[in-house]
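> Sharing a structure below in structure tokens format, with a few things to ask.
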Amino acid sequence: MFKISRSKAVEAIHGGNVKVDYKIVEEVSFLCHNGNVISLRHHGRVKLVDEQRETRSNNHVITGYFYK
């Protein structure tokens, strides 16, 4: 949702620049849930919302609402 590469995301997580529900996350494999707020320093905040539907290939549809 922030349009950064996975390697940059890993660097941000290890650098302490990522928070989930306003708590710093240090695990790359952290599992987010419906309604969590993810914030990435210098990129903003996104609230995850599960749309309760699936694609044809059985993937869940998730929408991110950016805070302004």
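The values are calculated or read from the model by the stated rules, or taken from the named source; none is laboratory data. Because the structure is predicted, anything quoted here is derived from the model rather than measured. Don't worry about glycine lacking a Cβ; one is built from the backbone with ideal geometry, like all the others, and counts go over all protein chains shown.
> Looking only at the stretch 25-54, count every residue that is over 20 Å from Lys68 (Cβ atoms) and surrounded by 12 or more Cβ atoms within 10 Å (Cβ to Cβ) and tell me the total.
Step one: of the stretch 25-54, the residues over 20 Å from Lys68 (Cβ atoms) are 25-34, 50-54.
Still in the running and surrounded by 12 or more Cβ atoms within 10 Å (Cβ to Cβ): 25, 30, 32, 34, 50.
Adding up the residues that qualify gives 5.
> What residue, of Gly35, Gly64, is at negative phi and modelled with pLDDT under 95?
Gly64 is the lone residue from the list that is at negative phi and modelled with pLDDT under 95.
> Return the pairs, sorted by first residue and then second, in which the second residue is part of a loop (DSSP other than H, G, I, E, B), the first residue lies in the stretch 54-68 and is closer than 23 Å to His43 by Cβ, the beta carbons are less than 7 Å apart, and the residues are 6+ apart or on different chains.
Val61/Thr55; Gly64/Met1
> Here is a further query. In the stretch 54-63, is there at least one residue being under 12 Å from the mean Cα position of the chain (by Cα) and of a type outside the set (Phe, Trp, Tyr)?
yes
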